[in-house]
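What follows is a short report on a single structure.
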Amino acid sequence: MLEDVLDIPNHIRDALWRVDSAQLKARPSAGFVVCGMGGSAIGAELARGLLGDRLTGPLIVSRTYGLPKWVTADWAVLASSYSGDTEETLASFKDAGEAGTHRWVAGTGGELGARARDAGIGVVGLPGFFEPRMTVGYMTVVAAYVAHLAGVAPDIRRELEQAADFLDSRKADMEPLARALASQIGDTPVVVHGASLTTAPARRWANQFNENAKQLAFSAEIPEANHNLMEAWSKGSGGLGAIFLTDSGQTVRERRRMDLTAESIEKTGASVFSVETSGETRSERLFWAVMFGDLVSVEVAALRGVDPLPVDEIQNFKRRLGKT
């Protein structure tokens, strides 16, 4: 798992190569939907985060069965499933076809790949030897690039290539920092707060604590959390700690909110940790936050004496759920 995290820069480069190799056709669209769950969905959220105000149209992430009725033939859809057998994504892929949307697919094959081939739909093939959550670099790049093909975002290939180089240059520094933060967090369940660029990374951090460290973790978005969650914090920490992901691109008001929220939580006696992103471009800072968070989650797993690789409870649930 640690090797896969440290290899994220190469995942970014390989994803760009795979998108090129797929020779997908551009399709200017009224809007773009990425259908997926887990690592596929967070990749789309991260893509939306790194594109930011450069988006020229809607980029929607759908984490459910089917699509809204307002997704019509002038929209474009990327069905993203690492296994190719995610039932929610298969249902959305079917809805997208019935709505007449332009469709693309990303994954390793499975039922989704077979349906795409039968329909003559462009497929970005992914390497088949990862834990699905460790394809975040691939899923983010594919979503960002296909958003460009859908006509709702600029081509940021060069920025992504530079982000990969930047991460390579920071690996050696990130590992000891991650180990130090993990030792401070220990067994404490955390709420990871993000704002603007760090909103999606905050969710990624929580997800990785859940899956890798087998530890309860949740994410919250500033300023929304200032309208609800902080009222609960005011009554005590409940044994939780708080992490704040700050970023140089956040507005003065967002940063002020982050600081004041951290101060309020700290008064409860809760452990509060602040992590500032590193990098110049949005892609550098976002991928730094993702990679650093993944490293922290693996280090917390090591401290807790748990193996980050298996997700037995998820697999057991899928078996109990069965197929309809």
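Every number here is computed from the coordinates shown, using simple stated rules; none is lab data. Bear in mind that the values here come from a model prediction, so they are computed numbers and not experimental data. We place every Cβ from the backbone using ideal geometry, glycine too, and count neighbours over all the protein chains shown.
Annotations for the structure displayed:
- The alpha carbons of segment 170-304 stretch over 38, 35, 20 Å along the principal axes, in descending order.
- Percentage of interatomic Cα-Cα distances in segment 142-237 larger than 21 Å: 54 percent
- At q = 0.31 Å⁻¹, base-10 log of I(q)/I(0) for segment 191-242 (Debye sum, equal scatterers on each alpha carbon): -1.14
- Normalised radius of gyration (Cα atoms, divided by 2.2 N^0.38 Å) for segment 268-318: 1.56.
- Karplus-derived 3J(HN,Hα), 6.51/-1.76/1.60, for each residue of segment 227-234, Hz, glycine and proline x: 9, 7, 4, 5, 5, 5, 4, 5
- Segment 270-316 and segment 217-249 have their alpha-carbon centroids 18 Å apart.
- Cα gyration tensor shape of segment 40-95, rounded if a/c is under 1.5, else prolate or oblate by comparing a/b with b/c: oblate
- Separation of segment 11-62 from segment 92-138 is 13 Å, based on Cα centroids.
- Judged by the ratio a/c of the largest to the smallest principal axis of the C-alpha gyration tensor, segment 109-178 counts as oblate, that ratio being 1.5 or greater while a/b is no larger than b/c.
- With the convex hull drawn around the C-alpha atoms of the chain, the volume per residue stands at 135 Å³.
- For ALA220, the residues whose amide H sits under 5 Å from its own are VAL192, HIS193, GLY194, ignoring neighbours fewer than 5 places away on the same chain, with H placed 1.01 Å from N.
- Translational diffusion coefficient (Stokes-Einstein; Kirkwood radius from C-alpha pairs) of segment 6-128 at 4 °C, 1.567 mPa s, in µm²/s: 89 µm²/s
- 5 Å binning of all Cα-Cα separations within segment 56-148, expressed as whole percents from 0 upward: 3, 14, 27, 27, 20, 8, 2, 0
- Exposure proxy shown here: for THR56, THR268, the number of other Cβ atoms within 10 Å sets the order, fewest to most, as THR56, THR268.
- Cleavage-rule hits (GluC sites (Glu not before Pro)) in segment 246-298: DSSP loop, at most 12 neighbouring Cβ within 10 angstrom: GLU280
- 10 Å Cβ shell holding at most 10 others, DSSP loop, trypsin sites (Lys or Arg not before Pro): longest site-free stretch of the chain: 70-234
- Amide H contacts under 5 Å for VAL33, placed H, 5+ residues apart: ILE60, ALA76, VAL77, LEU78
- Under 5 Å, built H, 5+ apart or other chain: amide partners of SER274: PHE244
- Under the span-like rule (Cα at least 15 Å along the axis, Kyte-Doolittle mean at least 0.5), DSSP H helices of the chain: 39-51, 136-149, 282-304
- Contact order relative to length of segment 162-302, as percent, for alpha carbon pairs under 8 angstrom and 6 or more apart: 35 percent
- Each Cα pair under 8 Å and six or more residues apart adds its sequence gap; the mean of these over the residue count of the chain is a relative contact order of 20 percent.
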